[in-house]
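Here is the structure we will look at, set down as structure tokens.
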Amino acid sequence: MANIIQTIQYIKINLSFSYLPSRNIENKQIAANFKKDGKTLFDIESTIYKHTGILERRYGLKEEAASDLAIRAIQTSSVPLQDIGAMLIATTSGDYPSPSTATFVHKGLNLKKSVHCLDIASSCTSFLSALRCSTGFIATNTNTVVIATELKHKGLSEKDLRTHSLFADGASGVYLTKAQEEFFYFCYQETQSDLAKNICIPVGGSREPTKENNILRNKLEISDAKLMFLHTVKAIAKAIGVCWQEREFVLKSIKNPNFNKIPCTIYVHQANKNILNEVKNRLEKNLAENIPTLMSDVGNMVCASLPVLRTRILFLKALFFKCTKKIPKSELVDFFIETCTKDSCFSYNIENNGICFKTNYFNEEVCIFDGGSLSLKESWLAKISDEEYENLMPIFAQEYNLYLENKSFYFLDIWVAAGGGFQTIGLLHGNIKINS
């Protein structure tokens, strides 16, 4: 237990925010570019959904870069720019190979010159890697923004249906300060470097600089999709299992006799619906039923997928807790509109270039800017798939019931991301009192 006490980082998430880019790309639009002899448009659409679980994905505008999405995400939130002391940008699709994307975000936000800015790139685990790096800044009382931003679609081969149908753009992050009880415990890390080149952008670095004869190979390549699928499933399932064991050990150390009644949502990088389903099949029921899937309307946003997932889940949890019972999917938007008129904790603002959604989930502010809609009936809140929405309800109901039983809001969640199976990170995030 002493080792855990030394490892725990007391950090508070004051604010979570997401930016959903303006272009909604449906499967039929992807399929139209890959129509083959003997295959109808519907055939290709069906294949895309079968292999990914995605109905549409978000793309940024032609003139936008990763820094633009990050700037929009922060500007449309309530992050106090004047209080930022450090900013970590997680991305695999930065504006340029050099300098860092963080410098352009710094300029776009007109931050103080004293703000420490840097990029972190570790595939789909980049956000969690950046989060771990942020602990050093927080330890010195430096308020820190960690944001994942991806404009991935520009780096995909025009001839590769597999990557075009899967990956998407988006930005999401957190504003962090030092805390007394809320904490992060980074309890799992694994790197399988032998697998790294299976998902690779081979051209454009010092190993193979860009030349006239290889310029078409400066796109993302997946060399063995089946191998990567299996390794990713195995890596995520293993990480969740280890994190769950560490979670049980932590809970047994607290004085609260109801330690087994602390809710847990397991936030997993939204790589692919089939990957997530296979992970759930490998886990015990009490773990699998706490893993939300929410990606059919936004796609795989690479390292931004986990924070986008969590931000949207928190927003929906806040609505559920307000209603205290299941809200039919068909009534969700209307219930939200009605709630905004009665409760100042919920709001939306329709602007010229999108809709800003805001709420609070207990002590954490949640901001989501949907740049792809000017109508609530066409926003992310309306586009959640019926299947994914129904599967969220038991998670929310269990957490609400435990909240009533505990007569206070406690949580100890698990976050896991895996980058193609070759790097995996897992952590605990909670607000319970740890005994020294």
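Could you compute the FRET efficiency for H116 and E351, with r as their C-beta to C-beta distance and R0 at 30 Å, rounded to 0.05? Computed FRET efficiency for H116 and E351 comes out at 0.45.
A straight chain from A32 to S46 at 0.36 nm per residue would run longer than the Cα-Cα distance by 3.8 nm.
The average projected area of segment 87-162, computed from the convex hull of its Cα atoms over all directions, is 5.7 nm². Between Y10 and T191, the simple spin-label model (points 7 angstrom out along Cα→Cβ) gives 3.1 nm. Sorting 63-74, 128-139, 299-310, 388-399 by average packing, meaning the other beta carbons within 10 Å per residue, from highest down gives 299-310, 63-74, 128-139, 388-399.
What pairs in K152/K329; K28/K317; K28/K329; K317/K358 have C-alpha atoms more than 22 Å from each other? Violating the 22 Å Cα-Cα cut-off are K152/K329; K28/K317; K28/K329.
Kindly provide log₁₀ I(q)/I(0) values, in the same order as q = 0.17 Å⁻¹, from the Debye equation applied to equal alpha-carbon scatterers of segment 216-370. The Debye formula, applied to the Cα set alone, gives -1.15. The relative contact order of segment 69-132 comes to 40 percent, based on Cα pairs under 8 Å that sit 6 or more residues apart. The modelled label-to-label distance between R207 and C133, using points 7 Å beyond Cα along the C-beta direction, is 2.0 nm. For the pair T324 and E158 in one chain, pulling the backbone fully straight at 0.36 nm per residue adds 55.1 nm over the alpha carbon distance.
Multiplying the residue separation of I337 and E289 by 0.36 nm and removing their Cα-Cα distance gives an extension gain of 14.3 nm.
Annotation for K39 and S223: the two label points, set 7 Å from Cα along the Cα-Cβ direction, are 2.4 nm apart. Sorting C117, C340, C323 from the fewest to the most surrounding beta carbons within 10 angstrom yields C323, C340, C117.
Spatially, segment 138-183 and segment 62-127 are offset by 10 Å when compared through their Cα centroids.
Candidate membrane-span-like segments in the chain, meaning DSSP H helices with Cα atoms spread over at least 24 Å of their own axis and a Kyte-Doolittle mean of 1.6 or above, do not occur, with no membrane implied either way. Applying 1/(1 + (r/R0)^6) with r as the Cβ-Cβ distance of L61 and K252 and R0 = 45 angstrom yields a FRET efficiency of 0.35.
Neighbour counts of other Cβ atoms within 10 Å put C345, C264 in the fewest-to-most order C345, C264. Across every pair of non-identical alpha carbons in the chain, the mean reciprocal distance, once inverted, gives a Kirkwood radius of 22.0 Å.
We did not get these values from a lab; they are worked out from the coordinates using the rules stated. Worth saying up front: this structure is predicted, and the values here are computed from it rather than measured. Neighbour counts are summed over all protein chains in view; Cβ atoms, including those assigned to glycine, are modelled from backbone coordinates with ideal geometry.
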